[in-house]
1. Given (1) farther than 30 Å from Q51 by Cβ; (2) out of contact with any Cys (no Cβ under 8 Å at 6 or more places or on another chain); (3) aliphatic (A, V, I, L, M), identify the lone condition not met by L129.
2. Taking helices (runs of 4 or more DSSP H) that do not extend beyond segment 68-187, which have at least 3 residues that are in contact (Cβ under 8 Å) with a residue 60 or more places away in the chain and closer than 21 Å to P12 by Cα?
Amino acid sequence: WTVQQAAELSVPAPTIESSLDARFLSGLKDERVQAAKVFKAGGFGDILTDQTVDKKQLIDDVRKALYASKICSYAQGMNLIRAKSMEKGWGLKLGELARIWKGGCIIRAIFLDRIKQAYDRNADLANLLVDPEFAKEIIERQSAWRRVVCLAINSGISTPGMSASLAYFDSYRRERLPANLVQAQRD
């Protein structure tokens, strides 16, 4: 229902959507087995073995990339809640929600304290990405994030959530978007 609500409210939630798509693709095991045979025969093997990777650096980069992706995922979720609250006139306080979840929800992440602090600093925060603390963390991690996504792409490894989060971040931070390119893709 989360993806459906995001679409109905026109709230971008590509990280959340990608997790649903990944679940659907995971369920297509027989098709994926056949596709693996077709593409292996077509020259798509284990591309990762062709690359030299500093494993220690990669582990550090993956940690940073996952954290940056998590910020984007929470930002999308909080924006969806805010949009629904505005539509229904609920007047939800997002910082207070984060506090409540910390105490008794399946989410219970320490990260929720940071979200509460962001909304305490600015109750009208448009997006967690523009909170000064979260923005600083994204900036510090974005090079590692890009290296991980590029390595995954070059290795033929699917990273739907991480890739969707990076695309979300790159779109959100741009004053101008390549709308003509998007329109051309639709046509």
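Since every read-out is calculated from the coordinates, none of them should be taken as a lab result. All values reported here derive from a predicted model rather than from experimental measurement. A quick note on method: Cβ atoms are made from the backbone with ideal geometry, for glycine too, and the neighbour counts reach across all protein chains shown.
1. All conditions pass for L129, except number (2).
2. Per the criteria, 132-155, 160-172.
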